[in-house]
Amino acid sequence: MMSASRRTSIRSYHIRTFGCQMNVHDSEHVAGLCEQMGYEWTGSADEADLLIFNTCCVRQGAEDRLWGNLASLAHAEGARGLVAVCGCVAESRGVEILARFPEVGLVFGMEALGRLPQLIERSLVARVCDTGEVEEAEIDALPARRENTLRARVPVSHGCDNNCAYCVVPLVRGGERSRPASDIVEEVGALARAGVVEIELLGQNVNSYGGDLDEKVSFAEILGRVAGVPGIRRVKFETSHPRDLGREVLVAMSECGPLCEYLHLPVQSGSDRVLKAMNRGYDAGYYKETAALARQIVPGIKITTDIIVGFPGEDREDFERTLDLVRTVEFDAAYMFMYSPREGTPAWLLEDDVPVAEKKRRLAELSRLQGKITVNSLEKMSGARVEVLVEGLGRDPGQVVGRTRGNQVVVLDGSEAPLESLVTARVVSAGRHSLKGRVYEVLLEGGRQGTRRE
């Protein structure tokens, strides 16, 4: 039974985004369409006439957060706006979402995003589910609303062909579809003319870019073309699959000034046996050699990774090999997760035989080890002069936060570093997860040339 009436007109919207950078990019286009329809952004989900959940189902935790958010809507009081669900869970669960949650009035997939105005109009009369065919999704040409005018995310491809045993991405986002090189460069050029100085190129596996195109252009060539666009000062990319990371990409990073010294290279496990079961296509030795090569070719590079603990069949010896790899590579940071079975993946058929309590113990042990390595990495930056793109407000009043070329978080004094600015700063201290800096020079402010501090 619905506990609140639904508003019959829409003037404002709010989006909650779960998941990866690709989900964030998708939300920017959802927001762009909302603004094109005349809706105004509101920071309050309770006050929004249109509340949209852009979802992720790669890990159970992200999906559980969605279910919790939707369940809480049943207890809302007063008139409630239209609730919509899009993204990966919408693609995989579709009508089930409408059946489980009467509060949801619209479920749509990315293929249907161009039809969003019509879907919203229809859903104000009756509940609608339109997930379409994910491999036909074409959202890159749709309008976008970005949080920061100096940076933008640009996909080079959508979907994935890797079929890692634990991963649901190919099921919900389809096979890999590379964008034409000319479209990518044209989009980056338009963004640069609008004042954007940092581009983040996105793909589930950027290194395999172009294999499905008639025009044979490598990802290294794409990096060179994007870095050569006038006005672009910083270029980052993710995610890189270790198996497909060629030397030419690392050489491009070392030779093209705008290419940042940052590489996200998910390893997932340090055990050859587990890596084979995961269908990753490389072994631990190869990964260690690749990471070492990256540090050799790209001076000062920061390497981050993803690691899963408790994959089916992982025993203590396998886990020890992961710890050994982490000690050897010394990642600057790592995103660590407990394995969670995802329906439809090859690993779904395997027995989830590592007890949850043991997964938690392994995750805690791994986190302690990586935490020490991350602190050491940050402490090495003390006294260094770094370039920082200021992205948002800090936790404490008067603070702002931004990221270095190596993607490390830096906390700055907001009176010295305006929002949406590019600055150079001296690192004065290091914490567990971030640096603290003092601004030396404001290079750009809202797309305008900045000033130097005396």
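The values are calculated or read from the model by the stated rules, or taken from the named source; none is laboratory data. Note that this is a predicted model, so its numbers are computed, not measured. Glycine gets a Cβ as well: all are built from the backbone with ideal geometry, and neighbour counts include every protein chain shown.
Here are the numbers:
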| read-out | value |
| --- | --- |
| Number of the condition not met by Val30 [criteria: (1) under 23 Å from the mean Cα position of the chain (by Cα); (2) surrounded by fewer than 17 Cβ atoms within 10 Å (Cβ to Cβ)] | (2) |
| Failed item, numbered, when Val251 is tested on (1) at pLDDT 95 or above; (2) more than 30 Å from Leu323 (Cα to Cα); (3) of a type in the set (Val, Ile, Thr); (4) in a helix (DSSP H, G or I) | (2) |
| Qualifying strands (runs of 3 or more DSSP E) (wholly inside the stretch 297-407; at least 1 residues being touching a Pro at 6+ places or on another chain (Cβ under 8 Å), in contact (Cβ under 8 Å) with a residue 60 or more places away in the chain and on the phi > 0 side of the Ramachandran plot) | none |
| Residue pairs meeting the criteria (Cβ under 7 Å; at least 6 apart or on separate chains; first in a loop (DSSP other than H, G, I, E, B), in the stretch 206-218; second modelled with pLDDT under 90 and surrounded by fewer than 13 Cβ atoms within 10 Å (Cβ to Cβ)) | Gly210/Lys216 |
| Residue in the stretch 111-122 that is more than 17 Å from Tyr13 (Cβ to Cβ) and in contact with a His (Cβ under 8 Å, 6 or more places away or on another chain) present | no |
| Residue list for the stretch 318-364, restricted to those being of a type in the set (A, V, I, L, M, F, W, C), under 23 Å from Gly61 (Cα atoms) and more than 23 Å from the chain's Cα centre (by Cα) | Phe319, Ala347, Trp348, Leu349, Leu350, Val354, Val356, Ala357, Ala364 |
| Residues of the stretch 187-216 that turn out to be among the hydrophobic types (A, V, I, L, M, F, W, C) and surrounded by fewer than 18 Cβ atoms within 10 Å (Cβ to Cβ), as a count | 3 |
